[in-house]
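Trainee: Structure provided below as structure tokens; questions to follow.
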Amino acid sequence: MPERDGNGKVTSWTPPEAEAKVGVYVCHCGLNIAGKVDVDRVVEFAATLPGVEVARNYKFMCSDPGQDLIRQDIRDGLVNRVVVASCSPLMHEATFRRATADGGISPFYFQMASIREHVSWVTADAEDATEKAKALVAGAVRRVLVHEHLERRKVPVHPDVLVVGGGISGIHAALTLANAGKHVYLVEREPSVGGHMAMLDKTFPTLDCAACILTPKMVQLGQHPDVELLTWSEVEEVSGYVGNFKVRVRKKARFVDEELCNGCGLCIESCSWQNVPSEFDQGLGTRPVVYMPFPQAVPRLPVIDRAGSSPCTFTCPAGIKAHGYVSLVRAGRYEEAFQLVLDTTPLVGSLGRACYAPCEGECTRSSLEGPLPIRRLKRFVADAHYRAADGKLPPPASNGRSVAVVGSGPAGLTAAWQLARRGYAVKIFEAAPVPGGMLRLTIPAYRLPAEVVERDVENVTTLGVEIATSTRVDDLEELRRSGFDAVLVATGTPAAVSLRVPGEDLDGVVTGLDFLRSIKLGEPPDLRGKVAVVIGGGNVAIDAARSARRLGAQVHVVSLESRPEMPAYAWEVEDALAEGVTLHDSWGVREILGERRVAGIRLKRCTDVLDDEGRFSPQYDESVLDDLVCDAVIVAVGMTPDTAAFASRLRLHANKTIEADPVTLQTAVPWVFAAGDVVLGPTEIPSAVAQGRRAAFMIDRWLQGEELGGAELDPVLPVVAHAEVLARWERHPRLEPLAVSTRFAAAPSDFAELEPPLTEEEARLSAERCLDCGICSECGQCVAVCPTDAIDLSGHGREVELEVGTIVLATGFKPFDARRITEYGYGTYPNVYTSLEVERLLNASGPTQGEVALRDGTRPAAVGIIHCVGSRDVRYNAYCSRVCCMYSLKLAHLIRERSGAEVYNFYIDMRTPGKGYEEFYEKLLKEGMHLIRGRVAEVTDWAMSPEEEGRLVIRVEDTLVGTVRRIPVDMVVLAVGLEPQGDAEDVRRLFNIGCGPEGFFTERHPKLAPVSTFTDGVFLAGACQGPKDIPDSVAQAGAAAAEALALIDRGAVELEPSTAFVDAAACSGCRTCVPLCPFAAITLDEARKIAEVNEVLCKGCGICVAACPSGAIQQHLFTDEQVLAEIEGVLAYA
Amino acid sequence: MPDSVVEQPFEPRIVAFFCTWCTYTAADLAGISRLEYAPNVRVVRLMCSGRVDPQFVLAAFRHGADGVLVGGCHPGDCHYQQGNFNALRRFELLRQTLEELGIEEERLRLEWISAAEGDKVQRVCNEMTEQVRRLGPLRLSPVPRPHVDEPQVELAVEVAP
């Protein structure tokens, strides 16, 4: 006899007897089974099966008297194995196992045959049904004879809970659980909790203000000591099982520190771009880049919307925030734009004129009408700042250290600027008589006037930086001795490469660098009426050619490269040719002719410039020659560093550049750094600026004693793809690029600046074309204005690992996409809105402050509300979305109240089933609303009569009257249905649950278990399980919380014992099973060479069992013996 | 043949191995939806289609099944992540083995049926029943069925000393 405790519960099992005695119980299930299957004959048949001692049938086996039949037979010793033929085991296996256990034998001495779902409900012919039922019963009987007793494993349930989704369902579930003393994590992917309910204006049927009833709960949630809110976060991975889930959550980067931010909102006001389409306002309104989605957001923390690095900023070699200053110009904040560029380099004016603008090459707008003139916008802000003649900046406090910078080109000036700002005493040594390097000495004034360079240099000297001109440095040690803590060599490539041809030493032959320098220093040679030949195909050659032209010469350019191959910028070559320069491309120089002075030049045909590996290796055809008569030859065939003096201390490459670590820019001598063209060879200005910046950063770190390697100079996000930006914008207002007006005569005679500046209007219009590729422009205004320094644009997201025992999914719904129904004109006619958009219009904090307005701002005289958009429609969703009739009536009432418009509701049926809903409907009927029963065929703007002109016409069959009507309205509202979230399929895989055919999460049973899922420990709440209104969502959320609490308070959960186990004697150690387990539950005991199953990890799938060659690994409840018995049984008798 | 004997049409017997999470639930859904289908399929429930041992399939044929149907979750949806892929591999090998044994390939069928596809259960059962009906009964040496066939003659067994 079984042992029982004080409550009558069985506490031990009767050991199985040698002879199995099976009891078969066939259920009628009322008429569900008995109406089709002849239950008496099944019982008769069952009695004939070997091992069957008792065979009964009963109306409702699952009822108490039904279960008593089983219990009593066991207690009377008549049976010790039980088979019930009734409904699905997924329904009542647990019930009958319990009954079996109560009877006094192991609950696992039980097997069920499904003769309802699998027989009576699906078989047409009664005879066939009865035969099939017999076969299934036979299978169950044959199987249960070889069942064994098993112990259920108990696992503890972790008391913490994860709630996924922060809408009304998630909030209510979380509060219920937290009020019960459980620690709750609430993960919400938007920046604030609130969900769709926060978007609504009023709720039916009470017409409560949605925010008024929701926000107290949100605040309570945010302040609750047992709730941890993880907003702007998503669940990445879930592992484990009921009671023991491990969840990895990714907290997306807010770029705002949660601890430091006090919610003051100054950053939001300061944002330079306030016109990002607002998701919360359904695209009807705008928000800034740094934003909170709505005023009552919980938590009260802004987030910075960053899609990635904008391509312009990303491409800039110097790291200037190009998008940032464009955005500031657009906002009219020119001084802030200047300061933003200045933050990187003092050379704002120079870059604004002479930079080759790789940013414009990457501008996404290029693929529309043309890129933004980003460089000219930089010039615009530089000119604006310099005109204002600002007061000098006070030099920052000294940090007691000093740095010597050798060379005052872009690299040296930028480095000096960055170091001086950090408090270093900086002295620049410049060999030339004026500072500025190539900017001042080489680039012609028609492109970059000297005054601009001088003004840029002033940005540096104003900080107290000394520049010693006409001072050449050859001895670095001496600088160290005179007290400098570090030295930066940034001497560039001031020396010219020579042609090495006969005649190069004649009078009248100059290098390009010397020629241009003489002009920039105010001593141009007189070339009036002379013929000048410029040798070279690079920018220096073209600059020399165009300068010589302005000095009155007839100019020829001779380049080895063919025109397309010439290294000079293509637009420079074009301009040179337009100015009257003659190009001789693919020619080399054989010799320069003349006695003591240049008289002419002999050219030889160049056939190839680069060899197969792309190295410079010109090939000539000396049989093709040409002579040019000339008075001057300007040689511009290359620039090279002047570093011979440093060769004793520093390591030099073969091309005379200084060897420096590419990341740290440190040379062989620890206190000597090198930057710019002297390291890279001849490059462009922004690359030299970048090196200067990097050098300053590294020198600073080195002098502070910090690690050099591994320090991030410019933390950047990945660049945004052009295609993504273009897809983000549906309509692009066509703004043509401004024509670049360069005025030149065919023979320009002066060095006046060619490119005119942009006017303020041109600058603003150009900046307004920006597509905001990265969304955040990194203009830095929010960073500057934050009183607690809470904003850090280099922030990262991070991952957290949570351990919880139960999970509640409350991920909500998404509205049906009304664009799919083209006949309703959404997206085509401007005044067709979705219900959610109208909610935002009606909401006092929405884009129209509560006004019901058309797109042009006027009030509608008539509004049509179309029900069942995307619902009850075989073409889209067949189901009814449950809330639309009620919210349509609500919107009808509110629209009429606010605007006085005539309102028409077009419905199929009016579904108002909830508490107070019918009464709400009645009340509204008395308000004079028009209700037309019929499915709207189309919304059109094609007028067929004068009253319809300029309005939208709704064409519908009025089924109560029996005619087709055309109803002109001004505004159409589409009552869109509820669909599952777009990523429901992915989410459900994360949590190992299922989705139904419409895509909503599948509940364990639609009637009896609507909040649990087939995965123990995971519960559902709200619209993610199916469309429902707020009262039902809240009720369901409470139910889910209660079920979770039931698990937690029980403390432990019993697992289904269908785990695998190994018969050690039969196991050969072949390891076939080990790699097959998806949960890594099988290991090989190396000592005994036998496989072992970890029962905690084993989930009971049986994959290993099917693979084992020796049958050594078996699965409890589904052993080979048991399954084979069942197969035999279902086939043996019928 | 006497006039009273009517030739019975051949009714195939098909054994189906359904996984609990998807296919068995789909079959339940077919029942709840009252979708009628051919009664020839007898379902054996397993936790996962990956549990289907090739010897189960062979045992089914041996014991008199004319066809075997294996049902699992769609690839990517297996409750145990990859069991259905194991089932697919074994199914492919089995098919080739059965071909060698002269068993037509239509007699073994593998279907992915999700828990929401009650209608697919109906369709597949009907289709397979028809297909196997056209193929006719599977002719293998019969396993003795003492309760249906004639009682076997008892053989004397020599016991070695």
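The values are calculated or read from the model by the stated rules, or taken from the named source; none is laboratory data. Not measured: the values here are computed from a predicted model. No Cβ is skipped: glycine too gets one built from the backbone with ideal geometry, and neighbour counts run over all protein chains shown.
Trainee: Looking only at helices (runs of 4 or more DSSP H) that lie completely in region A:46-146, which have at least 2 residues being within 14 Å of chain B (Cβ to nearest Cβ) and in contact (Cβ under 8 Å) with a residue 40 or more places away in the chain?
Mentor: Correct list: A:126-144.
Trainee: Please enumerate the residues belonging to region A:1102-1124 that are surrounded by fewer than 22 Cβ atoms within 10 Å (Cβ to Cβ), among the small types (Gly, Ala, Ser) and in contact with a helix residue (DSSP H, G or I) (Cβ under 9 Å, 6 or more places away or on another chain).
Mentor: Answer for region A:1102-1124, where residues must be surrounded by fewer than 22 Cβ atoms within 10 Å (Cβ to Cβ), among the small types (Gly, Ala, Ser) and in contact with a helix residue (DSSP H, G or I) (Cβ under 9 Å, 6 or more places away or on another chain): A:Ala1107, A:Gly1111.
Trainee: Do you know which residues across region A:1111-1130 are in contact with a Leu (Cβ under 8 Å, 6 or more places away or on another chain), more than 9 Å from chain B (Cβ to nearest Cβ) and closer than 12 Å to A:Leu150 by Cβ? Steps first, please.
Mentor: Going through region A:1111-1130, the residues in contact with a Leu (Cβ under 8 Å, 6 or more places away or on another chain) turn out to be A:1116-1118, A:1123, A:1125, A:1130.
Now drop any that are not more than 9 Å from chain B (Cβ to nearest Cβ), which leaves A:1116, A:1125.
Hit for region A:1111-1130 is A:His1116, nothing else.
Trainee: Ok, one more. Any residue at all in region A:433-443 that's buried (at least 24 other Cβ atoms within 10 Å of the Cβ), modelled with pLDDT of 95 or more, assigned to a helix (DSSP H, G or I) and under 36 Å from the mean Cα position of the chain (by Cα)?
Mentor: no
Trainee: Tell me the residue from A:Val457, A:Val487, A:Val473 that is within 15 Å of A:Pro410 (Cβ to Cβ) and either touching a helix residue (DSSP H, G or I) at 6+ places or on another chain (Cβ under 8 Å) or surrounded by fewer than 21 Cβ atoms within 10 Å (Cβ to Cβ) (or both), please. Reasoning before the result, please.
Mentor: Working: A:Val487 fails: within 15 Å of A:Pro410 (Cβ to Cβ); A:Val473 fails: within 15 Å of A:Pro410 (Cβ to Cβ).
Being within 15 Å of A:Pro410 (Cβ to Cβ) and either touching a helix residue (DSSP H, G or I) at 6+ places or on another chain (Cβ under 8 Å) or surrounded by fewer than 21 Cβ atoms within 10 Å (Cβ to Cβ) (or both) holds for just one of A:Val457, A:Val487, A:Val473, which is A:Val457.
Trainee: Restricting attention to region B:98-132, and to residues there that are of a type in the set (S, T, N, Q) and within 16 Å of the chain's Cα centre (by Cα), which single residue is farthest from the other protein chains (Cβ to nearest Cβ)? Can you show your working first?
Mentor: Applying the first criterion (of a type in the set (S, T, N, Q)) to region B:98-132 yields B:114, B:122, B:126, B:129, B:131.
Applying the additional criterion that residues be within 16 Å of the chain's Cα centre (by Cα) yields B:122, B:126, B:129, B:131.
Numbers: B:Gln122: 8, B:Asn126: 11, B:Thr129: 11, B:Gln131: 19 Å.
Checked region B:98-132; the qualifying residue farthest from the other protein chains (Cβ to nearest Cβ) is B:Gln131.
Trainee: From the list A:Pro225, A:Pro216, A:Pro191, which one is free of Cβ contacts under 8 Å to residues at least 60 places away in the same chain, part of a loop (DSSP other than H, G, I, E, B) and not polar (S, T, N, Q)? Can you show your working first?
Mentor: Values: A:Pro216 fails: part of a loop (DSSP other than H, G, I, E, B); A:Pro191 fails: free of Cβ contacts under 8 Å to residues at least 60 places away in the same chain.
The conditions single out A:Pro225.
Trainee: Are any residues in region A:450-473 part of a loop (DSSP other than H, G, I, E, B) and either under 16 Å from A:Leu521 (Cα atoms) or in contact (Cβ under 8 Å) with a residue 60 or more places away in the chain (or both), and if so, which ones? Break it down into steps so the answer makes sense when it comes.
Mentor: Going residue by residue through region A:450-473, those that are part of a loop (DSSP other than H, G, I, E, B) are A:462-465, A:469-473.
Hits for region A:450-473 are A:Thr462, A:Leu463, A:Gly464, A:Thr469, A:Ser470, A:Val473.
Trainee: If you don't mind, another one. Where residues in region A:1075-1089 are within 14 Å of another protein chain (Cβ to nearest Cβ) and either crowded, with 16+ Cβ neighbours inside 10 Å or at pLDDT below 90 (or both), which of them is farthest from the chain's Cα centre (by Cα)? Spell out how you get there, then give the answer.
Mentor: Going residue by residue through region A:1075-1089, those that are within 14 Å of another protein chain (Cβ to nearest Cβ) are A:1075-1082.
Checking which are either crowded, with 16+ Cβ neighbours inside 10 Å or at pLDDT below 90 (or both) leaves us with A:1076-1082.
Working: A:Leu1076: 35, A:Cys1077: 34, A:Pro1078: 30, A:Phe1079: 30, A:Ala1080: 32, A:Ala1081: 35, A:Ile1082: 38 Å.
Applying the filter and picking the extreme gives A:Ile1082.
Trainee: With the condition kept exactly as written, say whether any residue in region A:490-510 is within 30 Å of A:Asp700 (Cβ to Cβ) and of a type in the set (A, V, I, L, M). Outline the logic, then answer.
Mentor: We begin by selecting, within region A:490-510, every residue within 30 Å of A:Asp700 (Cβ to Cβ); these are A:490-494.
With of a type in the set (A, V, I, L, M) added as a condition, the list becomes A:490.
Looking for residues that are within 30 Å of A:Asp700 (Cβ to Cβ) and of a type in the set (A, V, I, L, M), one finds at least one in region A:490-510, hence yes.
Trainee: Follow-up. Out of A:Ser518, A:Ser498, report the one residue that is surrounded by fewer than 22 Cβ atoms within 10 Å (Cβ to Cβ), hydroxyl-bearing (Ser, Thr, Tyr) and closer than 19 Å to A:Leu551 by Cβ. If you could, list the steps in order and put the result at the bottom.
Mentor: Working: A:Ser498 fails: closer than 19 Å to A:Leu551 by Cβ.
When all the criteria are applied, what remains is A:Ser518.
Trainee: Would you tally the residues in region A:306-348 being part of a helix (DSSP H, G or I) and touching a residue at least 24 places away in the same chain (Cβ under 8 Å)? Break it down stepwise before answering.
Mentor: Kept after step one, since they are part of a helix (DSSP H, G or I), are these residues of region A:306-348: A:311-315, A:322-330, A:334-342, A:348.
Now drop any that are not touching a residue at least 24 places away in the same chain (Cβ under 8 Å), which leaves A:311-315, A:322-330, A:334-338, A:340-342, A:348.
Matching residues across region A:306-348 total 23.
Trainee: How many of the residues in region A:709-735 are out of contact with any Phe, Trp or Tyr (no Cβ under 6 Å at 6 or more places or on another chain) and either at pLDDT below 80 or assigned to a loop (DSSP other than H, G, I, E, B) (or both)?
Mentor: So in region A:709-735, the residues out of contact with any Phe, Trp or Tyr (no Cβ under 6 Å at 6 or more places or on another chain) come out as A:709-712, A:714-718, A:720-735.
Now restrict to residues that are either at pLDDT below 80 or assigned to a loop (DSSP other than H, G, I, E, B) (or both): A:709-712, A:714-718, A:720-721, A:729-735.
Total meeting the criteria: 18.
Trainee: Continuing with the same structure: Only one of (1) farther than 30 Å from A:Tyr291 by Cα; (2) surrounded by 19 or more Cβ atoms within 10 Å (Cβ to Cβ); (3) out of contact with any Ser or Thr (no Cβ under 8 Å at 6 or more places or on another chain) is not met by A:Arg152, so which one is it?
Mentor: (2)
Trainee: Can you tell me which residue is surrounded by the fewest Cβ atoms within 10 Å (Cβ to Cβ) among those in region A:37-52 that are among the β-branched types (Val, Ile, Thr) and touching a Ser or Thr at 6+ places or on another chain (Cβ under 8 Å)?
Mentor: So the residue we want is A:Val42.
Trainee: Within region A:624-648, which residues are farther than 30 Å from A:Thr582 by Cα and either loosely packed, with under 15 Cβ neighbours inside 10 Å or without any contact (Cβ under 8 Å) to a residue 12 or more places away in the chain (or both)?
Mentor: Passing the criteria: A:Ala644, A:Ala645, A:Ala647, A:Ser648.
Trainee: A further question follows. So which residues in region A:469-516 are touching a strand residue (DSSP E or B) at 6+ places or on another chain (Cβ under 9 Å) and basic (Lys, Arg), if there are any at all?
Mentor: Once the filter is applied, which keeps residues that are touching a strand residue (DSSP E or B) at 6+ places or on another chain (Cβ under 9 Å) and basic (Lys, Arg), region A:469-516 yields A:Arg472, A:Arg480.
Yes or no, residue by residue, for (1) touching an Asp or Glu at 6+ places or on another chain (Cβ under 7 Å); (2) buried (at least 16 other Cβ atoms within 10 Å of the Cβ); (3) modelled with pLDDT of 95 or more:
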| position | (1), (2), (3) |
| --- | --- |
| A:Thr206 | no, no, no |
| A:Ala211 | no, yes, no |
| A:Met218 | no, yes, yes |
| A:Gln223 | no, no, yes |
| A:Glu228 | no, yes, yes |
| A:Thr231 | yes, yes, yes |
| A:Glu237 | no, no, yes |
| A:Gly243 | no, yes, no |
| A:Lys246 | yes, no, yes |
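Trainee: Name every residue in region B:99-113 that is farther than 17 Å from B:Gly64 by Cα and modelled with pLDDT under 90, in order of residue number. Walk me through it before giving the result.
Mentor: Initially, region B:99-113 is screened for residues farther than 17 Å from B:Gly64 by Cα, giving B:99-100, B:110-113.
B:Glu99, B:Glu100, listed by residue number.
Trainee: Return the residue satisfying two criteria in turn: it lies in region A:547-585 and is surrounded by 19 or more Cβ atoms within 10 Å (Cβ to Cβ) and of a type in the set (S, T, N, Q), and of such residues it is nearest to A:Arg447 (Cα to Cα).
Mentor: Ranking the candidates gives A:Ser547 first.
Trainee: I need a count of the residues in region A:992-1020 that are more than 10 Å from chain B (Cβ to nearest Cβ), outside any strand (DSSP E or B) and buried (at least 22 other Cβ atoms within 10 Å of the Cβ).
Mentor: Qualifying residue count, region A:992-1020: 5.
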